[in-house]
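Asker: Would you mind keeping the following structure in view while I ask a few things?
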Amino acid sequence: MPIATVSRSLSTFVQRGNYGRICRISKFGFCTVPKRKGILERLAEGPVIGDGSYVITLEKRGYLKMGPFTPEAAIEHPDAVRQLHREFQRAGADVLQAFTFYSTDGKLNIVEGKKDYAAVDLNQSACDIVWEVARTSPDTLVCGGVSPTPTYTQGKGKDAVKEQFQTQCDIFIKNKVDFLLGEFFGHVEEAEWAIEVMKSCGMPVACTLRIGPRGDLVGVPPGECAIRMAKKGCDIVGINCSFDYHTELKTIKMMKDALAAEGLSPYLMTQPLGYHVPEVDNNVIGYYDLPEYPYAMEPRLMTRWDCRDYARKAYEIGVRYIGGCCGFEPYHIRELAEELAPERGGKRPPGADKNGVWGDSMAESTISNHTPTRNNKEYWQSVVPASGRPGGRLVNEIVSYEGQLK
């Protein structure tokens, strides 16, 4: 084979996630090394750090429209998506998720004023971008995200819904992602159908519901949801979005207990909101019922120290895939990785050199006489942040939209 052809073949081989399997080319052929560990192997060894917010963060940066929440930025602004992947990777995320949220033809076709992009084109661009970043580190895994489709809530039937899921999965199979994640499902039945399709693809499967303690949108309890997902063969069962970490940890504990009672033991996963939303703890819909949603959520943002609390409590419950969803910025993810470094063999994030542990770098500050003393865990755990807003409230009345969200 000509050298140029070999080089091109190697480039494609590396780009699609196989870089952990070769080390060089010589006149004798490829020099092989052991295949890198997959998601299930890593979870068996200890906690895995997921990434965070894409939709909300890219909207704040000016690359996505609130409302449709669709990922045209993967084609229109690839540099913005690429940069966010890099930031999560530097923050310590072990997994980067291709930016394909809501990229189904069923969803794209109902977006008013939409560009003429097919899901297959958006998802291919998203895969190209995420692999470009992931291949810079042999330890980074790539996840293909499978989204709910309006086809389900429109009542078009199981076959039509599964066809939408298969279209999403076909791109991820082609691009050799490391595993599949179905996320943001409000109905466990739709999640089950997604798991059926994902399991047929021959790679590990994770699936998360956007539920709290009251269960899915039609009242199926969290424990029953978890059991049904596990019995469909889901390797990693969990929840994401809609609720804060306090509520999600309460919910995942309910799921864990129900699974244990049935003798089922999938890995557990949480990716909560990056906001405090205690008012919706016992709400079916979640934070979408808050009057501040979506444009005035910033005063509720978690601190980096909240993220450490979340990571520690999640780990103690038995959650092993720990990440974030809407509102989780790269610095939030960095604190998850920092908190669980002892459980990860002392592994700190690539950006650790610029991160003071519990503020210890503040000892070098000369801004005032007070700031150098803010350099320890005891200080930061005692601080209760204020909003700084005159007349601000601790909590708000929720808008009663329960049962209306699709």
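The values are calculated or read from the model by the stated rules, or taken from the named source; none is laboratory data. Everything numeric in this text was worked out from a predicted model, so none of it was measured. Virtual Cβ from ideal backbone geometry, glycine too; neighbours counted across all protein chains shown. The protein model used for the area step is the full one, side chains on, heavy atoms only, and it has no ligands, DNA or RNA in it. Shrake-Rupley method; radii C 1.70, N 1.55, O 1.52, S 1.80 Å.
Asker: Could you look through region 42-77, keep only residues that are without any contact (Cβ under 8 Å) to a residue 40 or more places away in the chain and crowded, with 24+ Cβ neighbours inside 10 Å, and pick out the one that is nearest to Leu301 (Cα to Cα)?
Answerer: Among those that are without any contact (Cβ under 8 Å) to a residue 40 or more places away in the chain and crowded, with 24+ Cβ neighbours inside 10 Å, it is Leu64.
Asker: Being surrounded by fewer than 20 Cβ atoms within 10 Å (Cβ to Cβ) and either part of a loop (DSSP other than H, G, I, E, B) or touching a Ser or Thr at 6+ places or on another chain (Cβ under 9 Å) (or both) is the filter here, so list the residues in region 148-166 that pass it.
Answerer: The answer is Pro150, Gln154, Gly155, Lys156, Gly157, Ala160, Glu163, Gln166.
Asker: I've got another one for you. Among the candidates Ile173, Ile110, which residue alone is hydrophobic (A, V, I, L, M, F, W, C), open to solvent by 20 Å² or more (accessible area, probe 1.4 Å) and either at pLDDT below 95 or outside the structural domain of Glu248 (by the TED database) (or both)?
Answerer: Ile110 is the lone residue from the list that is hydrophobic (A, V, I, L, M, F, W, C), open to solvent by 20 Å² or more (accessible area, probe 1.4 Å) and either at pLDDT below 95 or outside the structural domain of Glu248 (by the TED database) (or both).
Asker: List every residue pair whose Cβ atoms sit under 9 Å apart, with the two residues 6 or more apart in sequence or on different chains, where the first one lies in region 245-261 and is in the same structural domain as Cys225 (by the TED database) and touching a residue at least 40 places away in the same chain (Cβ under 8 Å) and the second, anywhere, is surrounded by fewer than 18 Cβ atoms within 10 Å (Cβ to Cβ) and β-branched (Val, Ile, Thr).
Answerer: So the pair list comes out as Leu249/Ile317; Ile252/Ile317; Lys253/Ile317; Lys256/Ile317.
Asker: Got a sec? Which helices (runs of 4 or more DSSP H) wholly within region 291-406 have at least 3 residues that are surrounded by 15 or more Cβ atoms within 10 Å (Cβ to Cβ)? If you could, list the steps in order and put the result at the bottom.
Answerer: Numbers: elements: 304-317, 330-339, 377-382.
Ranges flagged: 304-317, 330-339.
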